[in-house]
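First comes the structure, then the notes that go with it.
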Amino acid sequence: MAVPRIAITAGEPAGIGPDIVLLAAQRDWDAELVVIADPGLLQRRAQALQVPVELQTWTADTPPQVHRAGILKIHPVSLAVPTIAGTLDPANAAYVIETLRQAVQGCLCDTFQAMVTGPVQKSVINDAGIPFIGHTEFLAHETGTTQVVMMLATQELRVALATTHLALKDVPGAITSELLHQTLGILHRDLQSKFGIAAPRIAVLGLNPHAGEGG
């Protein structure tokens with residue numbers, strides 16, 4: 001596909017996610033951006049921020065076009081109840097999960113080539129009775145993936161984590177030789193295939209500050 005199509009979930013509707021989406025829409029991008037969110041939410045937040053934006057309903061059958069500043073393609077998902085910026089409401093937790101689910105399903109069927117997620121508030125999702133540990137575990141469940149690696153990336157440095165969202169007291173017991181071999185294998189392959197690094201240099205940081213002293 002000449003123009004990649006990127007799904008964006010706006011995250012917690014009372015949080016900063018909608019603001020970030022609207023500000024990102026103010027510049028050109030070499031991809032088509034499709035935000036999965038409530039149109040009324042974005043329109044109200046745009047008015048509050050005094051950010052000019054034209055929302056256009058997106059359909060999967062239209063050829064992708066690069067994003068132009070001030071125009072935002074939107075795949076509508078409705079809030080359960082109106083939201084106030086800064087005021088969390090568990091009633092909208094299912095809405096947050098649904099936006100994530102639609103983005104993942106779109107990626108799995110190649111409607112989208114990537115997805116970007118706005119920040120969510122895990123506690124308010126849990127307050128609604130929905131078990132949610134984090135984006136990483138949600139993506140693993142939706143894609144049927146047993147072993148995932150979370151990586152933080154900049155242009156100069158990439159940091160992959162051996163564990164994801166665990167209580168600190170559970171981390172030492174979770175780190176095993178088998179887990180490290182699996183994580184390093186996934187990291188090495190993806191640095192080659194997805195980042196174009198022919199010979200990745202990977203250093204392992206120990207949990208224990210004395211980990212390098214004789215093992």
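The values are calculated or read from the model by the stated rules, or taken from the named source; none is laboratory data. Treat the numbers as computed from the prediction; the structure is a model and nothing was measured. We place every Cβ from the backbone using ideal geometry, glycine too, and count neighbours over all the protein chains shown. These area figures cover heavy atoms from the full protein model, side chains too; ligands, DNA and RNA do not enter into them. Shrake-Rupley method; radii C 1.70, N 1.55, O 1.52, S 1.80 Å.
In region 60-70 there is no residue that is basic (Lys, Arg) and within 18 Å of the chain's Cα centre (by Cα).
The residues of region 115-130 that are over 17 Å from the mean Cα position of the chain (by Cα), open to solvent by 50 Å² or more (accessible area, probe 1.4 Å) and not polar (S, T, N, Q), listed by number, are 127, 129. Set side by side, the residues 160, 140 differ, and just one is outside any loop (DSSP other than H, G, I, E, B), open to solvent by 30 Å² or more (accessible area, probe 1.4 Å), free of Cβ contacts under 8 Å to residues at least 60 places away in the same chain and among the hydrophobic types (A, V, I, L, M, F, W, C), which is 160.
Counting just the residues of region 163-174 that are open to solvent by 60 Å² or more (accessible area, probe 1.4 Å) and at pLDDT 90 or above, which one comes out nearest to residue 201 (Cα to Cα)? Out of the qualifying residues, it is 173.
The residues listed here are 53, 66, 34; of these, the one that is in contact with a Phe, Trp or Tyr (Cβ under 6 Å, 6 or more places away or on another chain), among the β-branched types (Val, Ile, Thr) and farther than 22 Å from residue 133 by Cα is 34. Given 203, 198, which one is open to solvent by 70 Å² or more (accessible area, probe 1.4 Å), modelled with pLDDT of 95 or more, among the hydrophobic types (A, V, I, L, M, F, W, C) and farther than 28 Å from residue 122 by Cα? Going through 203, 198 in turn, the sole match is 198. Among the residues of region 177-186, not a single one is part of a loop (DSSP other than H, G, I, E, B) and either of a type in the set (Asp, Glu) or surrounded by 10 or more Cβ atoms within 10 Å (Cβ to Cβ) (or both). Among the residues of region 83-114 satisfying the criterion of being β-branched (Val, Ile, Thr) and more than 14 Å from residue 41 (Cβ to Cβ), which is most open to solvent (accessible area, probe 1.4 Å)? Only one residue tops the list, namely 111. What do you reckon, is residue 48 modelled with pLDDT of 95 or more, open to solvent by 30 Å² or more (accessible area, probe 1.4 Å) and over 19 Å from residue 107 (Cβ atoms)? In short, yes. Among the residues of region 108-137, those that are farther than 26 Å from residue 60 by Cα, in a loop (DSSP other than H, G, I, E, B) and of a type outside the set (Val, Ile, Thr) comprise 121, 128, 129, 131, 132, 134.
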